[in-house]
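First the structure, in the form of structure tokens, and then the observations on it.
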């Protein structure tokens, strides 16, 4: 064991590699990174251009004849749509509760049968 320690003490440690970089290389790296980020920004802008935006609701001009009637029709249409959606939602909830009830009952009945036999 002592021999091993002596050998380890005599071994020379390797020097770490220098981190020096020539100025030409340093500036080239900076240039490449700058170009890369520039390309990334350009491509992200192109992606945004291709996305279609929602058409903005212009509304009804004040000079439109029977504007009040038209607004009333629109409001009624919205209410009917909301009513239909709420009915559909209630039906879904009722179906879910019904199915859960059936599952619970069937589970209860099956477990009773197993206990009884």
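Things worth noting here:
- Filter result for residue 94 (assigned to a helix (DSSP H, G or I), more than 30 Å from the chain's Cα centre (by Cα) and at pLDDT 80 or above): yes
- Filter result for residue 81 (surrounded by 10 or more Cβ atoms within 10 Å (Cβ to Cβ), at negative phi, out of contact with any helix residue (DSSP H, G or I) (no Cβ under 9 Å at 6 or more places or on another chain) and at pLDDT below 90): no
The values are calculated or read from the model by the stated rules, or taken from the named source; none is laboratory data. What you see is a predicted model, and the numbers here were worked out from it, not measured in a lab. Heads up, the Cβs are rebuilt from the backbone with ideal geometry, glycines too, and the neighbour counts pull from every protein chain shown.
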